[in-house]
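*Asks:* I'd like to ask you about the structure that follows.
The values are calculated or read from the model by the stated rules, or taken from the named source; none is laboratory data. Predicted model, so just to flag it, every value in this text is computed and none were measured. Glycine gets a Cβ as well: all are built from the backbone with ideal geometry, and neighbour counts include every protein chain shown.
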Amino acid sequence: MTLRAEMLSVWKETASRQRERRRKSEDENSRLRERVIDQREVIRSLQRILERQLAESTTNDPIASSRLHIPSWRAVCAGGDPCRMMRIFTELTADLKQVRASTDTWVQVSPPSLLTAGRFINTRIVPLSPTSLAVETVNLRLMPFAFDAVGGTYWLQCVNSHCLNFDYFREKADVEGRETVFCGQAFHDVVADHVPTNVRLRTQLSIQNFEEGSRMLVVSSARSESVHIGDQELRGTKLKEQYWNVFQPPEPNEQDACLMMSFGRVTMDFETGVSKSPLAVLTLTKYFGGRLHQQLDSAVTMIEDKLLGE
């Protein structure tokens, strides 16, 4: 397909997706309005009960009112050895240099000609040794917005807003003059609708973005802190994650469209060996084989909503 035909297909898909989202939002708003009306009296009753209990507690304890204003929660932090955490993030930052340096290797083998109806998705398993393998994912999307608008929105809305939902701590630092995000994230996900097993991960992650004139990069590197499948912790399993998000025009003179290229490589090392860890291998390869694509579906929706709403 020509770029013009691809763009037409993308706009049709975007419009259809936005219509469906609006319909679902309207249905949900109607449901919520009805629920609020039904529960309004219940809320009023609860408020009266709370006010009465608060008045009684203040009367019984002269200093109770002052206690109400003393913070009882502390900010969640890594909870580990600060020196160890510093070493980990120093190593992750060094990894980011290698990740950025290898960007063009991925881009060169993922040309726009692979697109069909504005997208291309692929996942493959790469054996590395008797104890390790890698899951590699490629996701290409054509979007009807300028590349810098898409890249900037991804950085602000996805990395610095949506991803906060998974953080158990987050810090920002200036590394060699570049904003760098360090964070610990926790995930608890079902592998697939037909696979009831769930995966729980705690990872340390480092993220940077780069503006390179005709394109924008967001790269990240992560390492596992713990891995669980169901209730079982895989103590001898180590995960190393690397991700690339590249935003650039699909053609040099096309400034009103963005080719968003996302690549992922998750290296898994099994202490007992690949052949002796069938459940872990099957579950984790299926999980990471689909996770990037699911995350990008959500990212595309957030970017569309933001840019179409401006």
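*Asks:* In region 200-234, what residues are closer than 17 Å to Met268 by Cβ and in contact with a helix residue (DSSP H, G or I) (Cβ under 6 Å, 6 or more places away or on another chain)?
*Replies:* Listed by number, the residues that qualify are Gln204, Ser221, Ile229, Leu234.
*Asks:* Here are Thr283, Thr272: which of them is in a loop (DSSP other than H, G, I, E, B), of a type outside the set (D, E, K, R) and either assigned by TED's automatic domain parsing to the domain that holds Thr93 or more than 19 Å from Asn160 (Cα to Cα) (or both)?
*Replies:* Details: Thr283 fails: in a loop (DSSP other than H, G, I, E, B).
After applying the criteria, what remains is Thr272.
*Asks:* While we're here: Got a number for residues in region 195-224 being touching a residue at least 24 places away in the same chain (Cβ under 8 Å), in a strand (DSSP E or B) and farther than 20 Å from Lys172 by Cα?
*Replies:* Total satisfying the criteria: 6.
*Asks:* Any idea how many residues of region 101-135 are part of a helix (DSSP H, G or I), in contact with a strand residue (DSSP E or B) (Cβ under 8 Å, 6 or more places away or on another chain) and under 18 Å from Val266 (Cβ atoms)? Let's see the steps before the verdict.
*Replies:* If we filter region 101-135 for residues that are part of a helix (DSSP H, G or I), which is where we start, we get 101, 103-108, 112-114.
Okay, now just the ones that are also in contact with a strand residue (DSSP E or B) (Cβ under 8 Å, 6 or more places away or on another chain), so 103, 106-107, 112, 114.
Checking the rest, the ones that are also under 18 Å from Val266 (Cβ atoms) come to 103, 106.
Residues in region 101-135 being part of a helix (DSSP H, G or I), in contact with a strand residue (DSSP E or B) (Cβ under 8 Å, 6 or more places away or on another chain) and under 18 Å from Val266 (Cβ atoms): 2 in total.
*Asks:* Would you say Asp231 is modelled with pLDDT under 95, within 30 Å of Leu3 (Cβ to Cβ) and in the same structural domain as Ile125 (by TED's automatic domain parsing)? Step through it out loud before you land on a result.
*Replies:* Working: modelled with pLDDT under 95: yes; within 30 Å of Leu3 (Cβ to Cβ): no; in the same structural domain as Ile125 (by TED's automatic domain parsing): yes.
No.
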